[in-house]
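Visitor: One structure, pasted below without further comment.
FYI, it's all coordinate maths here, none of it is from the lab. Treat the numbers as computed from the prediction; the structure is a model and nothing was measured. So basically every Cβ, Gly included, is an ideal-geometry build from the backbone, and we count neighbours across all protein chains shown.
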Amino acid sequence: MATEARSERSIGSERVREALVGYAFVFLPLASFLVFFFYPLGYAFYISYFDWGPLGKIESLGLENYRDLADDELFHRALKNTLRYTAIVVPLQMALGLSLAVVVNQALRFRTLFRAAFYFPALASSAAITAIALYILASDGLLNALLGTEKAWFGESGTALESIMALNIWTTSGTMMLFYLAALQAIPTDVYEAAAIDGAKSWRTFWRITFPLLKPGHFFVAVVSVIGSLQVFDQAFIVSGGGGGPNYSTMTVVLYLYNTAIEGVRFGYAAAVGVILFALIFTLTVVQRLVFGRMESA
Amino acid sequence: MRTYSLLIITVGRGGRKRVKRGNVSLKLGGLVVVLILAVSIGAGASAGKRTKGQGPAAANAPSGTVTLSGWSVGATEEKLLKQVISAFERSHPKIKVSYDAIPNYDQAMLAKFSARRPPDVFYVNSEKAPTWIKQGLILPLDSYIKKSKFAVAPFYPKLMTAFRANGKTYGFPKDWNPLVLQINTAMLAKVKAKPPKTWAQLRSVAQKLRSAVPGGKPLCLAAEWQRMLAFVYQNGGSVLQGNKPTFTSTKVRQAVEFYVGLQKSGLGDQASKLGAGWCGEALGKEKAAISFEGGWVYPYLPENFPSMKWKFFPMVKGKQAGTLAFTASYSMGTHSKNKEAGWELIRYLTGRTGMKLWSSKGLVLPARKDVKVKPPGPSRAPLLAAAASARAWAWPPGFDKVWTVANNELGAVFEGKQTIPAMLKKINDEAEDALN
């Protein structure tokens, strides 16, 4: 407050003042971020070295939780399912999101209506959507009526995870569309004009101009999509009633973490699962950054 | 206070007059004072309440508010529970009960335990009891039992075992339900069959019923050990002897072969394959003629499928009678606040009067031998008769994962992707891990 008394200020002190004001503005959100995000994150690392229950520390285990995870077959199964899920969902989600974005970026009639309609599934709660999907995909449900089959889509290990994949690709496509739409609108129109003058057809324009210029969009969407896919939980939880069945097909890492913590009341072990998931997401994000960064400089 | 001065600067930079800043800081200061006051008053109030319940004054009748929590139940059951609670409040005018049904029960309760603020009285599922007891979350009730001379003998001993550990009692069963048969009696009459009593009859009746269940199967068979284990008990088998898992024993294998054999020979299938979420629904939709569920199909079946004709029948027998019982207790937490009054509530709810009222509507069975009720709906005699042979679903801590593996393996066996001996070996290994 003392700064106010001065009539002339040096640039330096002006900067300090500005920085202070800046921090003052972010103080509350930053504080809540530190308290409710960073502190629990650090704490999860801490308790992963213990046998930890609801009443706190039971026993120090060192790295034993991690060693146990190394031979935990159920965890391996969960990890495998989650990685397979991510490998299939992310590209399809991005492709669908991009296609929808390109469509609603055109000067169509009722463009706003389409934008809203495509985004709508992202607004509905995933639990509600999954509950409806349970009816549609039931053995006597709508889908089987259309196909003339009697398959229990969520009830068979060959199709349970795939059904969740399809469901999630559809529900999140609206969000991906929104991200891509923003990226599309950031591309200056003069490049398209130049391409048109050079006689480029629309397909060629898309692949040679739009697609490469969307690089920052691709990076962002890929990162968001990978993180979301690795954390898949609610659909897997609902369709299997928490058991991850049939035949482990819908056991995901976060579902396993939840079961370990809530059913097994092994908070330390669950924290170790969380730490591994964190490491996985962190590594994949860094890798994506490197890949897309190289593309940008190329 | 630094925070606040920083905030004031921002307000100042926003173009306001300096006088205004003073006001803001005054307001903020005031707010802080109010907050501090509010917090200390709140703390004082709750401290006062605590001494009321626990202090030396407890020689008088316990008083205060008792918090009671359970998982969310259907509207019929919640209404009944509220009636029982108000009956308690009438007979104990000094105690007020504040009841809360908690969705996501286990998750929410673990958070409450961690915060050391569990409700005074709450439900504990027999499946969860050993783990929660081991974690020190549940209060042993022995001193209260002794002090108030509460009679333990009238409770079915097999239900009590779920809530006992290290020679101590951690809760009293609020009610229970065994697995028995539910049979669509119209379908049974159509093929002129009698209700099955043995494994062999179950097979032959199911054979006859094939024609009576168009688009479905005679039996609804859950791919869950929570159902199949009853057949293991009927075969004289068990999956745990002392601290040693015995999943690979002959008696277990035979029972599993029989149960899975019913599915393999096309006499039954899982609810999901019959277009239902669970076997009660499959029975209601007439996609199955026989299911192995408990008393909880009432009032679900008459409410949702009023025209379907069905009854309870005793569980089939193998070498011996055997079935599973599912139960939950009323317990108190190690850190519950109003324990004296909480015990009064438990004593009432699991006592003769409370239990009678609670089981009068036929939603559950009384956990006490000395309570006889005549509930509406189909006869409960087959359920009550199961008391002698039913074993409670309660397992050592860490067994939850064993059952996750076991049910997934059983699902794989149903799908033909796993063999029975390989499944049993895998479950046995998992159980050995859990017990070590």
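Visitor: Obtain the nm distance between the two label points defined at A:E64 and B:D142 by a simple spin-label model: each point lies 7 Å from its Cα along the Cα-to-C-beta direction.
Guide: 2.8 nm
Visitor: Follow-up question, since we're still on this one. Shape verdict for chain A, please, from the Cα gyration tensor: rounded (a/c under 1.5), prolate (a/b greater than b/c) or oblate.
Guide: Working: a/c = 2.09, a/b = 1.06, b/c = 1.98.
Oblate, since a/c reaches 1.5 and b/c is not below a/b.
Visitor: Tell me the net charge near B:A328. Cut-off is 14 Å between Cβ atoms, B:A328 excluded, with +1 for each Lys or Arg and -1 for each Asp or Glu.
Guide: Around B:A328, the surrounding residues sum to -2.
Visitor: Just want the ordering: A:M165, A:M177, from fewest to most Cβ atoms lying within 10 Å of their own Cβ.
Guide: Lowest count first: A:M165, A:M177.
Visitor: Just to confirm the filter: which trypsin sites (Lys or Arg not before Pro) across the stretch B:135-191 are DSSP coil and have at most 13 other Cβ within 10 angstrom of their Cβ?
Guide: B:K149
Visitor: Next question. Search the structure for amide H atoms under 5 Å from the amide H of B:T169, placed 1.01 Å from N in the peptide plane, and list their residues when 5 or more places away or on another chain.
Guide: B:L141, B:D142
Visitor: Mind checking A:72-84 for the average number of partner chain beta-carbons within 10 Å of each residue's beta-carbon?
Guide: Mean shielding by partner chains, rounded to a whole number: 1.
Visitor: Would you pull out the residues with amide H under 5 Å of A:N247's amide H, same chain only if 5 or more places away, H placed 1.01 Å from N?
Guide: B:G411, B:A412
Visitor: DSSP loop (so not H, G, I, E, B), at most 16 other Cβ within 10 Å: list which trypsin sites (Lys or Arg not before Pro) in the stretch A:180-217 pass both filters.
Guide: Listed in order of number, the matching sites are A:K201.
Visitor: Need one word for the protein assembly as shown: rounded, prolate or oblate. Basis is the Cα gyration tensor (sqrt eigenvalues a ≥ b ≥ c); a/c below 1.5 gives rounded, then a/b vs b/c decides.
Guide: oblate
Visitor: Among B:T250, B:T161, A:T250, rank each residue by its count of other Cβ atoms within 10 Å, from fewest to most, as a rough exposure measure.
Guide: B:T250, B:T161, A:T250
Visitor: Can you list which of the trypsin sites (Lys or Arg not before Pro) found in the stretch B:70-108 are DSSP loop residues with at most 16 other C-beta atoms within 10 Å?
Guide: Hits after loop and neighbour filter: B:K94.
Visitor: So if we plug the beta-carbon distance of A:F292 and A:F38 into 1/(1 + (r/R0)^6) with R0 = 25 Å, what FRET efficiency do we get, rounded to 0.05?
Guide: After rounding, the FRET efficiency stands at 0.45.
Visitor: A further question on this structure: Between the stretch B:184-221 and the stretch B:139-167, how many Å separate their Cα centres?
Guide: 42 Å
Visitor: Moving on to the next point. Compute the distance from the alpha-carbon center of the stretch B:397-436 to that of the stretch B:74-99, in whole Å.
Guide: Taking the Cα centre of each part, the stretch B:397-436 and the stretch B:74-99 sit 42 Å apart.
Visitor: If you take the square roots of the eigenvalues of the alpha-carbon gyration tensor of the stretch B:177-329 and sort them as a ≥ b ≥ c, do you get rounded (a/c under 1.5), prolate (a/b over b/c) or oblate? Before the final figure, lay out the partial values.
Guide: Details: a/c = 1.89, a/b = 1.48, b/c = 1.27.
Cα axes put the stretch B:177-329 in the prolate bin.
Visitor: Shifting gears a bit: In peptide A:242-254, what is the residue-averaged number of other protein chain Cβ atoms found within 10 Å of each Cβ? Show your work: numbers first, answer last.
Guide: On the way: counts 1, 9, 4, 10, 11, 12, 7, 4, 1, 2, 0, 0, 0.
Average per residue, whole number: 5.
Visitor: Can you sort B:S238, B:S379 by how many other beta carbons sit within 10 Å, fewest first? Mind showing how you got there, number by number?
Guide: On the way: B:S238 17, B:S379 12.
Ordered from fewest to most neighbouring Cβ atoms within 10 Å, B:S238, B:S379 come out as B:S379, B:S238.
Visitor: Related question: So how far apart, in nm, are the two label points at A:R111 and A:L147 if each is 7 Å from Cα heading toward Cβ?
Guide: Taking the simple label geometry, A:R111 and A:L147 are separated by 3.8 nm.
Visitor: Excluding B:K112 itself, calculate the net charge of residues whose Cβ lies under 15 Å from the Cβ of B:K112, where each Lys or Arg counts +1 and each Asp or Glu counts -1.
Guide: Around B:K112, the surrounding residues sum to +1.
Visitor: Give me a comma-separated list of calculated 3J(HN,Hα) values for the stretch A:277-285, in order, Karplus coefficients 6.51, -1.76, 1.60 applied at θ = phi - 60°, integers in Hz, x for any Gly or Pro.
Guide: Coupling constants for the stretch A:277-285: 5, 4, 4, 5, 5, 4, 4, 4, 5 Hz.
Visitor: Could you give the DSSP H helices of chain B that reach 30 angstrom or more along their long axis (alpha carbon positions) and whose average Kyte-Doolittle hydropathy is no lower than 0.0? Intermediate results must be reported in sequence, preceding the final value.
Guide: On the way: long enough: B:18-54 (54 Å, 0.50).
Once both thresholds are applied, what remains is B:18-54.
Visitor: Inside 10 Å of the C-beta atoms of A:150-159, what's the mean count of C-beta atoms belonging to other chains?
Guide: Mean partner-chain Cβ count within 10 Å for A:150-159: 4.
Visitor: Here's something else I'd like to know. What nm value, rounded to one decimal, do you get for the distance between A:I136 and B:K149 when each label is placed 7 Å out toward the C-beta?
Guide: Output for this residue pair reads 6.6 nm.
Visitor: Can you compute 3J(HN,Hα) from phi for each residue in the stretch A:73-89, using the Karplus curve 6.51 cos²θ - 1.76 cosθ + 1.60 with θ = phi - 60°, rounded to whole Hz and x for Gly and Pro?
Guide: 4, 5, 5, 4, 4, 4, 5, 4, 4, 5, 5, 5, 4, 5, 4, 8, 6
Visitor: Quick one: which residues, 5 or more positions from B:L181 or on another chain, have an amide H under 5 Å from its amide H? H modelled 1.01 Å from N in the peptide plane, none for Pro or chain starts.
Guide: Residues meeting the amide H criterion: B:F313, B:M315.
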